[in-house]
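In what follows, a single structure is set out as structure tokens and then discussed.
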Amino acid sequence: MHNAAFQHIGMKGVYQAVDIEPSCLGKSLLRLKEPDVLGANLSLPHKEAVVPFLDEIEPVARRIGAVNTIIRKDSKLLGTNTDADGFYQSLMEGGYQPQGIALILGAGGAARAAVHALSQAGLTLWIQNRTPERAQQLLDSMQVEGRVFATQQEVPFSEVGLLVNTSSAGLSNLQETPLTVPFPELQSGATVYDMVYKPLYTRLLLEANEQGYNTVTGIGMLVHQARLAFERWTGQSVPASVMFDAVKDTLQ
Ligand SMILES: NC(=O)c1ccc[n+]([C@@H]2O[C@H](COP(=O)([O-])OP(=O)(O)OC[C@H]3O[C@@H](n4cnc5c(N)ncnc54)[C@H](OP(=O)(O)O)[C@@H]3O)[C@@H](O)[C@H]2O)c1
């Protein structure tokens with residue numbers, strides 16, 4: 001995605017994936033301070049661990065508790081998070097009409113980005129996770145009011161206008177679904193969003209589609225978080241379609 005974006009703006013740049021052992025994170029970040037570097041993205045398990053090594057953290061990343069993007073500013077490293085905005089933009093592009101309650105499945109890093117975005121949008125939040133204590137900790141640490149359900153059997157699904165899967169259930173497994181109940185009846189016109197983008201059409205989305213709900217895949221979030229990071233590094237915007245075209249064929 002990023003290499004396609006560099007090409008699009010005619011900038012001689014390259015985006016490379018690098019494996020970093022957790023114990024080498026601090027040392028590896030020194031490389032980012034060199035003048036030929038624009039910044040970096042981070043993925044698991046570095047998103048939280050990186051915080052103490054950075055010179056500045058933007059409020060959005062502090063609230064989410066995770067940094068997915070580093071921007072070099074002279075010899076200083078600034079941490080931010082583009083996942084929440086990426087999620088929200090893709091949700092709106094996916095035709096979500098704000099209605100009812102937002103139910104989030106999962107309570108890891110991706111859930112924190114969704115909670116940030118949806119609470120900023122003023123939605124009432126419910127959250128259900130395999131480990132319910134983790135869901136409560138998430139809400140407490142982000143100072144968001146919401147209801148935690150220990151099991152899906154207890155959820156009044158008919159009040160739900162947005163169901164967001166942020167758990168890893170369904171990742172690389174078309175048989176798996178985050179639902180532990182038969183596909184529930186949601187509000188009419190509800191949207192079902194799955195952050196899992198491999199496979200692109202997860203079992204959750206296929207079933208939601210069969211029930212007539214609006215469905216949104218995780219590819220939009222992937223593209224928009226990348227687009228927003230690219231904009232921060234280069235100061236230039238690139239159409240989302242450039243990045244989408246570069247990634248879509250790898251995610252069937
Ligand atoms: N579309 C995008 O751009 C985007 C961005 C970020 C993440 N994601 C996707 O979102 C997913 C979660 O990422 P993350 O960073 O939040 O991971 P994480 O921090 O490791 O959290 C994983 C979450 O999934 C739950 N979980 C794992 N396996 C499960 C299963 N079999 N059944 C039910 N719940 C299960 C965990 O529950 P416990 O707390 O009980 O362990 C936890 O809540 C991944 O699939 C990732 O690829 C997509």
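Full extension of the chain between Leu200 and Ser158 yields a length gain of 12.5 nm, computed as 0.36 nm times the residue separation minus the alpha carbon distance.
If you sort Lys27, Lys198 by accessible surface, 1.4 Å probe, largest first, the order is Lys27, Lys198. The C-alpha atoms of the chain define a longest principal axis, and helix 219-234 lies at about 30 degrees to it.
Accessible area of Thr131 (1.4 Å probe, protein heavy atoms only, ligands and nucleic acids ignored): about 60 Å². Place a label point 7 angstrom from the Cα of Asp36 along the Cα-to-Cβ direction, then list the residues of the stretch 1-22 whose backbone nitrogen is under 15 Å away. 12-16, by backbone N distance to the label point.
Net length available on complete extension from Lys73 to Gln137 is 19.7 nm, with 0.36 nm assigned per residue and the Cα-Cα distance removed.
Each of Thr180 and Asp249 was given a label point 7 Å from its Cα along the Cα-to-Cβ line. The distance between the two points is 4.2 nm. Apply the Karplus curve 6.51 cos²θ - 1.76 cosθ + 1.60, θ = phi - 60°, to the phi angles in the stretch 173-187 and return the couplings in whole Hz, x for Gly and Pro. Once θ is set to phi - 60°, the couplings for the stretch 173-187 become 8, 6, 7, 8, 9, x, 7, 9, 10, x, 3, x, 7, 9, 4 Hz. Tally up the carbon and sulfur contribution to the accessible surface of the chain as a whole percent, 1.4 Å probe, everything protein left in place. Ligands and nucleic acids excluded, carbon and sulfur reach 48 percent. Converting the Cα gyration tensor eigenvalues of the stretch 1-73 into ellipsoid dimensions via √(5λ) gives semi-axes, longest first, of 22, 14, 12 Å.
Short-range pairs are left out: with C-alpha atoms under 8 Å and at least six residues apart, the relative contact order of the stretch 85-219 is 24 percent.
Based on alpha-carbon atoms, the Kirkwood radius and the radius of gyration of the chain give Rg/Rh equal to 0.98. Over the Cα atoms of the stretch 69-144, the radius of gyration divided by the Kirkwood radius equals 1.05; this is the Rg/Rh ratio.
Annotation: the antiparallel percentage among DSSP beta bridges lying fully within the chain is about 30. At the listed q of 0.30 Å⁻¹, the Debye profile of the stretch 45-105, built from one uniform point per Cα, gives log10 I(q)/I(0) equal to -1.22. Over the stretch 176-252, the fraction of Cα-Cα pairs per 10 Å bin, rounded to whole percents and listed from the shortest bin up, is 17, 40, 26, 14, 2. Using alpha carbons only, how many degrees (0 to 90, rounded to 10) separate the axis of helix 109-120 from the longest principal axis of the chain? It is inclined by approximately 70 degrees. Remark on the stretch 40-180: ratio of C-alpha radius of gyration to 2.2 N^0.38 Å is 1.09. Normalised by the number of residues in the chain, the mean separation of alpha-carbon contacts (under 8 Å, six or more apart) gives a relative contact order of 19 percent. Entry comment: accessible area of the chain is 50 Å² per residue, from protein heavy atoms only and a probe of 1.4 Å. For the stretch 115-208, place one equal point scatterer on every Cα, skip the solvent, and apply the Debye formula. What is log10 of I(q)/I(0) at q = 0.10, 0.22, 0.24 Å⁻¹? Values returned for q = 0.10, 0.22, 0.24 Å⁻¹ are -0.26, -1.29, -1.44.
The values are calculated or read from the model by the stated rules, or taken from the named source; none is laboratory data. The shown structure was predicted, so the numbers you read here are calculated from the model rather than taken from an experiment. All Cβ positions, glycine included, derive from the backbone under ideal geometry; neighbour counts span all protein chains shown. Note: accessible area is taken over every heavy atom of the protein model, side chains too, but ligands, DNA and RNA are not part of it. Shrake-Rupley method; radii C 1.70, N 1.55, O 1.52, S 1.80 Å.
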